[in-house]
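Input: a single structure, listed below in structure tokens.
The values are calculated or read from the model by the stated rules, or taken from the named source; none is laboratory data. Keep in mind the model is a prediction, meaning the values are calculated, not measured. Backbone-built Cβ (ideal geometry, glycine too); neighbour counts: all protein chains shown. Keep in mind that these areas ignore ligands, DNA and RNA; they rest on the heavy atoms of the full protein, side chains included. Shrake-Rupley method; radii C 1.70, N 1.55, O 1.52, S 1.80 Å.
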Amino acid sequence: MSGDAAPDPGSMPWEKSDRQLVRRWLRQQVSARPAVLGRIEDLHRKASTAAFTARAAKKRRSRQDRLRATPVTDLLRKSADANPMYLTRAGVLTAEHILELGAGKLRARAGIDANMATKWVSAAESVRAGRDGDGLPAAHSRDWVEEDVQLVRALLVLDSVETLRHAPHTQGLSYPADRAKALLRATSWPRWKLAPAAREGTMRSVAELAEWVASGQAEAHLPQVDSHLARHFAAVQ
């Protein structure tokens, strides 16, 4: 056990000094949290950010590919006054090209009125709108583009680090500090004053944690965590 011993709830009176002693000991357990746990949490934050970024890039690529693959002849099919021949004769062939030009340049280039130019732009915008599946890799790896590769890699890294973070040995190593944080909340001054009936139970929990820390069970998980971390790096590099 690090620092001051935790108070024995069976032998110490319920006085203000008891709470202060308990909280000092609990803070010591939080401070003693192994550095490897912070490293794992940092890896998880970075992996989560990378996966989010890769998914956003995949969505952008999906929308861009859809614009490039959609011919103007597929737009405004139900509009009787929309003749795509005006656009194709002017070299405007895809939804992407419409958006590159915008309504003003499209009007001048294709020789159409402002109202019709706006309709074509709106139709192209609907193609660019997000759709289900935009953030997913292509079903077959042979069809993957760079964004698919990066997304799959980011997800594999995230899955590996999540497995590491939630592994039983990682949770066992983290238990004393995590439990101490919860007990610090339970021994806050408002709770101590307003919920006197809960004090005895809280002190029993502190004593149980003290016994668990003294047993060395947490430290016994450290070699497994280090080994799992090494396997994670070997797998994702």
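Subtract the Cα-Cα distance of residue 193 and residue 162 from 0.36 nm times their separation in residues, and report this length gain in nm to one decimal.
Details: separation 31, 0.36 × 31 = 11.16 nm, distance 3.94 nm.
Between residue 193 and residue 162, full extension yields an extra 7.2 nm.
Using a Förster radius of 35 Å, what is the FRET efficiency between residue 56 and residue 224 based on their Cβ-Cβ separation? Nearest 0.05, please. Intermediate results must be reported in sequence, preceding the final value.
Details: r = 35 Å, r/R0 = 1.01.
Step by step, r from the Cβ atoms, then E = 0.50.
Would you mind telling me the share, in percent, of accessible area of region 62-128 contributed by carbon and sulfur at probe 1.4 angstrom?
On the way: 1860 of 3710 Å².
With neighbouring chains kept in place, the figure for region 62-128 is 50 percent.
Tell me the angle of helix 199-214 to the major Cα principal axis of the chain, expressed in degrees between 0 and 90 and rounded to the nearest ten.
90
For the chain, what's the relative contact order in percent, using C-alpha pairs closer than 8 Å and at least 6 residues apart? Let's see the in-between values first.
Working: 230 pairs, mean separation 70.1, N = 237.
Reported relative contact order: 30 percent.
With everything on Cα atoms, drop me the angle between helix 35-69 and the longest principal axis of the chain, reported from 0 to 90° to the nearest 10.
The helix 35-69 is inclined about 10 degrees to the chain.
Rounded, prolate or oblate: which one fits region 57-175, using the alpha carbon gyration tensor with axes a ≥ b ≥ c (rounded when a/c is under 1.5, else prolate when a/b beats b/c, else oblate)?
Details: a/c = 4.25, a/b = 3.43, b/c = 1.24.
Cα axes put region 57-175 in the prolate bin.
In whole Hz, with x marking every Gly and Pro, tabulate ³J(HN,Hα) for region 151-160 from phi via Karplus 6.51 cos²θ - 1.76 cosθ + 1.60, θ = phi - 60°.
5, 4, 4, 4, 5, 5, 5, 4, 4, 5
With a 1.4 Å probe and all protein chains left in place, how much accessible area per residue does the chain have, in Å²? Before the final figure, lay out each step's value.
Numbers: 13740 Å² over 237 residues.
That works out to 58 Å² per residue.
Considering the Cα trace of the chain, what is its radius of gyration and what is Dmax, both in angstroms?
Calculated on Cα positions, Rg and Dmax stand at 30.8, 94 Å.
Once the Cα atoms of helix 95-110 and of the chain are each reduced to a long axis, what angle between those two axes, in degrees from 0 to 90 to the nearest 10, is obtained?
40
Given the options 183, 21, 37, state which has the largest fluctuation in a GNM of the chain using a 10 Å cut-off (strictly under) for Cα springs.
21
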